[in-house]
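The values are calculated or read from the model by the stated rules, or taken from the named source; none is laboratory data. This structure is a prediction, so every number in the text was calculated from the model and none was measured. Cβ placement follows ideal geometry from the backbone for every residue including glycine, while neighbour counts extend to all protein chains displayed. Just so you know, the surface numbers come from the protein's heavy atoms only, side chains and all, with ligands and any DNA or RNA stripped out. Shrake-Rupley method; radii C 1.70, N 1.55, O 1.52, S 1.80 Å.
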Amino acid sequence: MTIRKRLLILAIGGVVPLVLVGLALLWSVWHAKQQQLNDGMEQQAELAAVLFDRWLDAQEQPLRTIAEYSSTNGINQTELQDALKAAITPRSSWTDLRALDADGKVVAIEPTNAESLPSGIAERLLAEAQRGASGVETDWTKGEGRYSLILMAPMKSGGAVTARIDGAGLQQIFQGITLPERTVVTVMDPQRRIIYRSQRSQSAVGMDLTGSTITSVLNDRKTAVVVLKSSVDNVERVYGVARAGNTGYSVSVGVPSSVLYGPAWQQLTVYIAVAFVVACCAAVGALLIAGSIARPMRLLSMAAQKFGEGDFSARAPSAGEDEVSRLGMNFNAMAQRLEKREARLAELDTLKSEWVSRVSHELRTPLTTIKALTRLLMRGGLSEAKQREYIETISVECDRQIELVLNLLDLARIEGGVFRITHERVNVDEVMSSCVKAAVRIAEKRRHDLRVEPNSEPLFVCADPKTIRRVLANLIENSVKYTADGGRIVLSAQQDGEEVTINIADNGRGIPAEDMPILFNKFYRGKPAPESAALHDAETTEFLEDADMSGVGLGLYLARNVVERMGGRISVESEVGRGSTFTLHLPSWSEGGCGESVNSNGNNKTIARG
Ligand code: ADP
């Protein structure tokens with residue numbers, strides 16, 4: 001799976017649970033709010049029911065007064081008639097008022113021509129009266145949604161006082177209270193028929209709500225809440241329903257769900273929308289962040305792939321301060337090092353090939369010379385002088401071969417860490433003289449003036465005699481090689497404090513200043529001097545020319561290496577066209593011995609006394 005996908009999953013995995021928790025919280029807040037609103041509706045319904053109950057009670061009050069008065073004072077019919085008249089006159093919505101005896105016979109009635117009570121209702125009310133309870137019934141006998149409420153107050157005699165109130169009188173009950181907009185108050189009688197609806201609707205009054213949840217929701221409770229579509233106008237409302245005392249009547253207050261829950265629902269919708277936007281932003285953000293991390297990783301991987309395929313110039317993006325940029329930087333640094341190493345290896349490879357061919361050439365050339373001269377000698381017919389010259393040349397070439405092989409062996413020993421030197425008392429004049437003697441023949445061939453400047457006092461150094469001899473021989477050989485014919489090569493030595501300096505000065509071609517820092521490097525070879533010329537006859541010139549300027553660039557490298565191992569150093573001064581002076585600085589011998597020096601591995605070693 002790609003990093004991009006993983007990061008995306010990580011981000012979404014973090015955001016989704018948060019969003020879910022947020023939604024769950026919102027849902028519970030919404031429920032609490034809904035409950036609060038429903039409770040409010042229940043309270044409103046309860047309040048409306050109390051109003052209705054109080055109104056009924058207020059209507060019953062004159063009935064109870066008349067019933068009590070007639071029972072206690074035993075008044076006659078005329079007085080009862082007057083009492084009824086006095087009670088009905090100020091009450092415009094009352095249709096009639098009557099007193100019944102225990103058998104249901106009218107004792108007094110006002111107005112006198114009032115209709116009799118519908119059968120059934122009168123009996124039920126009288127039965128109630130005989131139990132000593134007051135009661136109220138709805139009279140629907142007038143039809144077309146018209147009705148009356150018949151209220152009854154019991155008399156002690158078993159009779160009752162009843163009043164018929166026109167249904168229109170109920171309008172006054174709720175006139176005093178201000179209801180919120182689009183709120184509907186409905187009053188239902190015990191037969192579950194609507195006797196009042198605040199929003200006037202002709203068809204509503206008298207409507208039978210049997211079977212509707214609004215009538216069954218109360219059960220044994222005093223108040224309840226129900227959400228349903230109105231049977232009257234089909235509007236979905238939240239209804240608070242409450243019983244009106246013990247009358248059997250119930251009152252509901254309904255508010256359209258959209259009005260009641262609207263603001264809260266709107267708020268919830270805003271929260272959900274915000275949560276959705278936040279989730280989307282998080283997903284987009286995660287996508288961008290994942291991209292910003294994955295892109296440099298992809299580029300880094302591409303760079304690594306290219307690098308692996310051999311394109312050493314491939315680099316990763318590294319601008320920035322973050323971890324991926326630092327990774328890129330580290331990769332680039334590594335790539336740069338490897339590129340350099342690769343270039344160096346290629347360079348070394350070239351050097352190695354060049355060196356192998358040079359060494360092969362160095363080995364082949366003297367052998368060819370030796371073979372050619374041997375053949376000339378074997379052919380015979382040469383003058384004695386010529387024979388001698390050829391034999392000397394063969395000897396010189398053999399020495400050169402031996403020297404080359406020894407140099408190669410030294411190189412192998414130095415690089416293998418097994419080069420051993422001794423530290424002994426070495427007479428400087430003796431070494432210089434023997435080296436000059438060994439080189440005198442070849443110097444003569446080049447008509448060089450090769451000599452040693454003698455010292456009045458003998459000088460002694462602490463050195464490995466064989467090694468110091470080979471170093472000196474090498475430096476003399478170089479001076480002979482790189483000085484034009486007829487040059488001057490002078491060896492001298494001086495005591496310089498604790499050390500002895502040995503100079504090999506020539507007036508040869510000199511060394512360019514730009515080559516000085518690499519002069520002692522392994523395999524360094526300067527460009528051949530144009531003025532170098534051979535001194536030999538035509539037959540041998542090509543061999544000897546080669547031999548005179550031959551070399552593999554190891555002499556100075558080995559010289560510095562071994563001189564430093566002997567506790568000394570080597571320096572050079574040179575000017576192109578004027579000559580060079582190589583100086584060996586070696587620790588001088590004292591009576592106390594050679595002191596401390598270093599072995600071939602660079603470790604300190606106490607050396608033997610010479
Ligand atoms: P080689 O002589 O085999 O080339 P060396 O290490 O002895 O190797 O010398 C390295 C190079 O230094 C020579 O190729 C030459 O260019 C330069 N060199 C050494 N000695 C002298 C000298 N005396 N005069 C001029 N150039 C010299």
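General remarks:
- Within the accessible area of the range 264-423, the carbon and sulfur atoms contribute 63%, probe 1.4 Å, all protein chains present.
- Shape metrics for the chain, restricted to C-alpha atoms - Rg then Dmax, Å: 65.9, 196
- Segment residue 3..residue 199, full-extension length gain: 64.0 nm, with 0.36 nm per residue of separation and the alpha-carbon distance subtracted.
- Free-standing Cys residues across the chain, given no other cysteine C-beta under 4.7 angstrom: 280, 281, 398, 435
- Heavy-atom surface analysis with a 1.4 Å probe gives the range 1-127 a carbon and sulfur content of 59 percent of its accessible area.
- Computed E for residue 466/residue 564 - FRET, C-beta separation, R0 22 angstrom, nearest 0.05: 0.85
- Cross-link pairs beyond the 32 Å C-alpha cut-off, checked among 306/352; 5/340; 85/222; 306/527; 340/466; 437/527: 5/340; 85/222; 306/527; 340/466
- Potential lengthening of the chain between residue 513 and residue 16 amounts to 171.5 nm, from the contour at 0.36 nm per residue minus the alpha-carbon distance.
- The figure for residue 243 is an accessible area of roughly 90 square angstrom, using a 1.4 Å probe on the protein chains alone.
- Efficiency of FRET between residue 65 and residue 236 - r from beta-carbon atoms, R0 51 angstrom, step 0.05: 0.65
- Between the Cα long axis of helix 428-445 and the first principal axis of the chain there is an angle of about 80°, rounded to the nearest 10.
- Per-q log10 I(q)/I(0), the range 271-425, q = 0.11, 0.15 Å⁻¹ (Debye; single scatterer per alpha-carbon; no solvent): -0.76, -0.95
- Separation in nanometres of the label points that stand 7 Å from Cα toward Cβ, at residue 342 and residue 133: 10.7
- Residue-normalised accessible area of the chain, expressed per residue, 1.4 Å probe, Å²: 54
- Cα pair distances exceeding 22 angstrom across the range 1-132, given as percent: 63
- The H on the amide N of residue 249, modeled in the peptide plane, is under 5 Å from the matching H of 244, each at least 5 residues off or on a different chain.
- Ranked by the mean number of other Cβ atoms within 10 Å per residue, highest first, peptides 470-481, 231-242, 306-317 order as 470-481, 231-242, 306-317.
- A simple charge model with +1 on the Cβ of Lys and Arg, -1 on the Cβ of Asp and Glu and nothing else charged puts the dipole of the chain at about 1000 debye relative to its Cα centre.
- Mean projection area, nm², convex hull over Cα of the range 316-374: 4.2
- Using R0 = 35 Å, the C-beta based FRET efficiency linking residue 264 and residue 178 works out to 0.95.
- In range of the label at residue 385: residues from the range 422-462 whose backbone nitrogen is under 17 Å from the point 7 Å along Cα→Cβ: 444-447
- Lys, Arg +1 and Asp, Glu -1 on Cβ, resulting dipole of the range 345-385 about Cα centre, debye, nearest 20: 300
- Apportionment of accessible area to carbon and sulfur, the range 130-169, percent (1.4 Å): 46
- Interchain or long-range residues, amide H under 5 Å from residue 489's placed H: 449, 450, 451
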